[in-house]
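J.: Pasting in a structure now, in structure tokens, and then I'll have a few things to ask.
The values are calculated or read from the model by the stated rules, or taken from the named source; none is laboratory data. The structure displayed is predicted, hence computed values, not measured ones. A quick note on method: Cβ atoms are made from the backbone with ideal geometry, for glycine too, and the neighbour counts reach across all protein chains shown. For accessibility, only protein heavy atoms count, side chains too; no ligands or nucleic acids. Shrake-Rupley method; radii C 1.70, N 1.55, O 1.52, S 1.80 Å.
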Amino acid sequence: MNDKEALTSVKIHDVIARRWSPRALDGEAEVTPEQLRALLEAARWAPSFGNTQPARYLVGLRGDETYKRILDSLTESNRSWAHRAGALLLGCAVTRNEKGTVPYAEYGLGLASENLVLQAVAEGLAARQMAGFDRDAAREAFELPDGVDPLVVIAVGVRAEPEVLGTTKDIERENAPRVRVPLEQFALRDWGTAAF
């Protein structure tokens with residue numbers, strides 16, 4: 001199986017270099033409750049603006065009702081592979097609390113989700129974040145209150161060979177090299193002037 005480790009200009013931590021977003025997952029492999037707890041504990045300890053901690057996750061393990069409701073909210077193309085995930089999580093941002101609007105709530109959920117995904121890599125799991133889901137359907141399925149916005153679904157599982165995806169196009173996409181903007185376009189001293 002291709003690990004698709006990031007090709008970097010300098011050495012970075014292994015857990016970051018090995019993080020990518022596969023869709024080929026083993027439909028029989030389980031995500032244990034202990035692993036899931038570690039992922040969520042990592043997310044819980046992410047930084048947030050003013051320690052507002054806006055991230056919340058609805059957590060489904062394959063076969064339970066929460067998993068089914070999250071899966072049902074996905075686009076057809078995401079359902080075609082995500083049904084093999086051992087766990088599906090619906091990431092929500094709490095945008096209002098007793099003090100009013102929570103600043104940078106989406107950013108807080110993003111930070112928490114990255115911690116979750118990196119912990120998945122550390123646990124020997126794979127995680128793929130998705131925006132391809134019906135937010136209104138998810139809101140209704142879970143009766144989310146006002147001030148709670150569903151923003152991302154995260155599939156967590158054990159990687160499988162790309163052939164599990166079935167089509168040549170999907171297999172090629174899974175095997176394609178990872179690509180990023182070069183560092184000289186990403187890190188700038190002034191707009192248009194590379195920092196390195």
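J.: As an exercise, identify the GluC sites (Glu not before Pro) in segment 136-170 lying in DSSP coil whose Cβ has no more than 16 other Cβ atoms within 10 Å.
T.: Values: sites: Glu140, Glu143, Glu163; in loops: Glu143.
Loop-located and lightly packed - Glu143.
J.: Suppose every K and R has +1 on its Cβ and every D and E has -1 on its Cβ; what is the size of the dipole of the chain about the Cα centre, in Debye to the nearest 20?
T.: 420 debye
J.: Taking the alpha-carbon distance from Lys169 and a cut-off under 30 Å, which lysines remain once sequence neighbours fewer than 8 residues away in the same chain are dropped?
T.: Counting by Cα, and skipping residues close in sequence, Lys169 has these lysines nearby: Lys4, Lys68.
J.: Here's another thing I want to ask about it. Based only on Cα atoms, what Rg/Rh ratio does segment 60-143 have, Rh being taken as Kirkwood's radius? The partial results should precede the final answer.
T.: Values: Rg = 14.0 Å, Rh = 14.1 Å.
The Rg/Rh ratio comes out at 0.99.
J.: Still on this structure, I have one more. Based on the Cα gyration tensor of segment 1-109, what are the three equivalent ellipsoid semi-axes, each the root of five times an eigenvalue, rounded to whole Å and given largest first? Intermediate values should be presented prior to the final figure.
T.: On the way: eigenvalues 138, 101, 35 Å².
Working from the Cα gyration tensor, I get semi-axes of 26, 22, 13 Å.
J.: Follow-up. Subtract the Cα-Cα distance of Ala137 and Glu172 from 0.36 nm times their separation in residues, and report this length gain in nm to one decimal. Could you put the intermediate results ahead of the total?
T.: Details: separation 35, 0.36 × 35 = 12.60 nm, distance 3.16 nm.
9.4 nm is the gain from fully extending Ala137 to Glu172.
J.: How many Å² of accessible area per residue for the chain, probe 1.4 Å? Before the final figure, lay out each step's value.
T.: Working: 11550 Å² over 196 residues.
That works out to 59 Å² for each residue.
J.: Tell me the mean residue ellipticity at 222 nm calculated for the chain from its helices only (DSSP H runs of n ≥ 4, each -39500 (n - 2.57), averaged over every residue, nearest 500).
T.: Details: 8 runs with 69 residues, N = 196.
Helices in the chain give a 222 nm mean residue ellipticity of -10000 deg cm²/dmol.
J.: Same structure again: Tabulate in residue order the Karplus-calculated ³J(HN,Hα) for segment 106-121, using 6.51 cos²θ - 1.76 cosθ + 1.60 with θ = phi - 60°, rounded to whole Hz; enter x for Gly and Pro.
T.: Karplus values, whole Hz, x for Gly and Pro: 5, 4, x, 5, x, 4, 5, 5, 5, 4, 4, 5, 5, 5, 4, 4.
J.: Then there's this: Roughly what would the spin-label model give for Ala122 and Glu163, points 7 Å off Cα along C-beta, in nm?
T.: That separation, rounded to one decimal, is 3.5 nm.
J.: Could I ask something else about it? Sorted from largest down, what three extents in whole angstroms do the Cα atoms of the chain have along their principal axes?
T.: Sorted largest first, the three principal extents are 45, 45, 30 Å.
J.: Determine which lysines satisfy two conditions relative to Lys11: a Cα distance under 23 Å, and not lying fewer than 8 residues away in the same chain.
T.: Partners found: none.
J.: Same structure again: Which number comes out as Rg/Rh for segment 87-196 once both Rg and the Kirkwood Rh are worked out on C-alpha atoms? Each step should come with its number before you reach the end.
T.: On the way: Rg = 18.3 Å, Rh = 17.1 Å.
Dividing the radius of gyration by the Kirkwood radius yields 1.07.
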